[in-house]
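Inspection log for the structure reproduced underneath, given as structure tokens.
Bear in mind that the values in this text are calculations on the coordinates, not laboratory data. Since this is a predicted model, take the numbers as computed values, not measurements. Cβ atoms come from the backbone with ideal geometry, glycine included; neighbour counts cover every protein chain shown.
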Amino acid sequence: KVRANKLATGRTLDDEALESLEKVVSGKIESFGKGKGSKEMRILMECPADEVEFYAKALGLPFSGSTVSGPRSARDRKTKTQDRRLKTAVKELLGCLEKGHPGSRYQILRSAGSLADAMQGKNKKEKV
């Protein structure tokens with residue numbers, strides 16, 4: 001048994017920006033305030049995936065690419081297909097944004113953090 005109080009994940013800047021854009025596009029902005037203060041450490045969240053991959057290869061470490069998982073709930077096949085299509089479209093959009101406007105992933109990450117803080121404040125007010 002491991003006695004740990006935090007879990008370090010390998011989620012990169014690309015993963016975080018992709019997930020944030022997906023939340024906005026799918027209309028799930030209320031989920032930005034959830035999960036703040038969790039026991040998860042996202043130590044690579046400001047590192048682009050290509051840099052993490054380069055570093056891993058230089059050290060001979062395995063690298064599997066995006067760590068963003070698919071749908072977590074048991075939904076029907078149609079919904080999973082729609083989720084995959086959305087993820088693919090948002091990933092392409094993110095690539096186009098970053099290519100035409102370098103730094104877009106960082107700005108999306110910062111904006112998501114601001115939204116999370118605002119949503120967390122809103123959720124606290126609603127509970128009072």
Completion exercise
Sequence order, the stretch 99-113: Karplus ³J(HN,Hα) from phi using 6.51 cos²θ - 1.76 cosθ + 1.60, θ = phi - 60°, Hz rounded, Gly and Pro as x, gives 5, x, 9, x, x, 4, 4, 5, 5, 4, 4, 5, 5, 5, x
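Share of Cα-Cα pairs in the stretch 2-45 beyond 13 Å, in percent?
63
Hey, got a sec? Which trypsin sites (Lys or Arg not before Pro) in the stretch 1-60 land in a DSSP loop and have at most 16 other Cβ atoms within 10 Å?
Answer in residue order: Lys1, Arg3, Lys6, Lys28, Lys34, Lys36, Lys39.
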Problem - aspartates and glutamates with Cα under 15 Å of Lys34, excluding same-chain neighbours fewer than 8 positions away - result: Glu16, Glu19, Asp117, Glu126
Problem - Gain in span if fully extended, Glu40 to Leu86, counting 0.36 nm per residue against the direct Cα distance - result: 14.0 nm
